[in-house]
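Scroll down for the structure; my scribbles are underneath it.
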Amino acid sequence: MKYYSTNKQAPLTSLKEAVTKGLAGDKGLFMPEKINSFTPEEIASLKDKSFHEIAFMVADKFFGEDIESETLKKIVKDTLSFDTPVVHVNDNIYSLELFHGPTLAFKDVGGRFMARLLAYFIEKEGKEEVNVLVATSGDTGSAVANGFLGVPGINVYVLYPKGKVSPIQECQFTTLGQNMTALEIDGTFDDCQALVKSAFMDQALNNHMNLTSANSINVARFLPQSFYYFYAYAQLAKEGKADELVFCVPSGNFGNITAGLFGYRMGLPVKRFIAANNRNDVFLDYLNTGIYTPRSSVSTIANAMDVGDPSNFARILDLFSQTGNTYEEIKKLITGYRYTDEEIADTMRKVYSSYHYLLDPHGACGYQALVDTKLTATETGVFLETAHPAKFKGTVDNILNQDIDIPKKLQEFMKGEKQSINLSKKFDDFKKYLLDR
Ligand SMILES: *Cc1c(COP(=O)(O)O)cnc(C)c1O
């Protein structure tokens, strides 16, 4: 399978190139040249299959031409050592719980898959070590770090802003050791991101070491997220509840919902999608006006969705551009909602007291959008619960006036000893550090 750039100014490239580069030479995002569909028979067979089997069927449609079956099966199996259950909340609303992986957020799926795919390419070609640089404001760093932990041939450097990630998030990437190095930068998240970008442009550094990036623009990070849309369908089909599915996705960079849209294009029976936003609502503006106006992000209690210029918007436009009437086609399939911090908190309180279901601030946006969209009697709404509430324990405890339990997995991280290297936000210091490696 070849991959093209959304900017159409770069040559077609192989899967390996797309994964090891991340971004195309013309700064566009890579897209698979074709989207292989499921047959109606394959769709009908899903409800009798396991998560591994379903994920492999989906992975095979994307990567089957490039990776032999047994290897791909193993990559899928190693990625998914956890389940993504669909849990009934109330009426016809269900929660797709994506937080049962090692770092308790949905990014585990893409992070682990990408790590294994990259490791496969390195091993196959006997290439030298690859160094992955990741700037994080919290969740991405931990998922990527845990995904790549112990993978031979890969070193990971997580850059994070000193004092600006929650203590629980911080321990998830500072206590791991092995091939993980946490760099505590005296600056903001934007400073961390700027350091990473400068590193990719620095010739001396690139001569010294192989550098790559593991953020959500990478095809190996976002495509595997379509696995759990198919699995959610299968779980609900078993109960006869999948005839008119509405998927509602709490969105920031729009990688997660884009994976769902790929599923739809592959023939997954979905009636419509909802993108739920916090106050960072450029996508909702686009749905209302047809004009896309990126802006600076504002801070909210659903901080993983604090994105003012979602990178995967380019992929959504590209997916719908074949029809010639991009905006109308997008509006037909996707609606949007936005919520303030106060509204998010109200939803969390209401759902906890009425249905004893604990929402995290991101999932709360998804749940509320399914309430506000007024599902018909025949529709089934599924919101993606993107992180475990305990990852945001301070916020959640305050809102609910509770002392919520921290899952064992998180407690284990918190026992470890924090190891990090302090660096200033000056590029010269960062460069010198890497050159000494
Ligand atoms: C990353 C993240 C999101 C947003 O996902 P996108 O793919 O960037 O739209 C939502 N919730 C949580 C908890 C996240 O970590």
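Just a few scattered comments:
- Computed with a 1.4 Å probe over protein heavy atoms only, the accessible surface of the chain comes to 40 Å² per residue.
- Compared with the alpha-carbon gap, the fully stretched path from V298 to E17 is longer by 97.7 nm at 0.36 nm per residue.
- Order of exposure, largest accessible area first, which applies to D341, D405 with probe 1.4 Å: D405, D341
- For F189, solvent-accessible area (1.4 Å; no DNA, RNA or ligand), Å²: 70
- Among the trypsin sites (Lys or Arg not before Pro) found in region 326-355, not one is both in a DSSP coil and sparsely packed, with 12 or fewer other Cβ atoms within 10 Å of its Cβ.
- Whole-angstrom gap from region 101-171 to region 192-232, using each part's C-alpha centre: 10
- Applying 0.36 nm per residue to the separation of E343 and M209 and subtracting their alpha-carbon distance, the gain on full extension is 43.5 nm.
- Secondary-structure-derived ellipticity at 222 nm for the chain, considering helices only, amounts to -13000 deg cm²/dmol, per-run term -39500 (n - 2.57) for DSSP H runs with n ≥ 4.
- Working from label points 7 Å from Cα in the Cα-to-Cβ sense, the N398 to D285 distance is 2.6 nm.
- Dipole of the chain computed with +1 at Lys/Arg Cβ and -1 at Asp/Glu Cβ about the Cα centre; of Q411, L96, S213, farthest Cα towards the positive end is S213.
- E33 accessible area, 1.4 Å probe, all protein chains in place, Å² to nearest 10: 100
- Förster-model FRET efficiency, 45 Å R0, K426 and A377, C-beta, rounded to 0.05: 0.15
- Shown for the chain: the carbon plus sulfur share of the solvent-accessible area, taken with all protein chains present and a 1.4 angstrom probe, equals 48%.
- Label zone of S198 (point 7 Å out along Cα→Cβ, amide N under 15 Å): in region 412-429 this covers 423-429.
- Distance (nanometres) between label positions extended 7 Å along Cα→Cβ at H52 and E70: 1.6
- Counting only lysines at least 8 places from K27 when in the same chain, those with an alpha carbon closer than 20 Å to its own are K2, K8, K16, K197.
- Placing a pseudo-label 7 Å from each Cα along the Cα-to-Cβ vector at K27 and Q411 gives an inter-label distance of 4.9 nm.
- Centre-to-centre separation between the Cα atoms of region 341-388 and those of region 71-94: 19 Å.
- Solvent exposure ordering (accessible area, 1.4 Å, most first) of I421, I334: I421, I334
- In region 75-144, trypsin sites (Lys or Arg not before Pro) in a DSSP loop with at most 14 other beta-carbon atoms within 10 Å: K127
- Within the straight-line cut-off of under 15 Å between alpha carbons, the aspartates and glutamates reachable from K415 are E170, sequence neighbours fewer than 8 places apart in one chain being disregarded.
- Heavy-atom accessible area with a 1.4 Å probe sorts H88, H356, largest first, into H356, H88.
- In a simple Cβ point-charge model (Lys, Arg +1; Asp, Glu -1; nothing else charged), the chain has a dipole of about 420 debye relative to its Cα centre.
The values are calculated or read from the model by the stated rules, or taken from the named source; none is laboratory data. Predicted model, so just to flag it, every value in this text is computed and none were measured. Note that each Cβ is placed from the backbone with ideal geometry, even for glycine, and that neighbours are counted across all protein chains shown. To get the accessible areas, we keep the full protein, side chains included, count just its heavy atoms, and leave off ligands, DNA and RNA. Shrake-Rupley method; radii C 1.70, N 1.55, O 1.52, S 1.80 Å.
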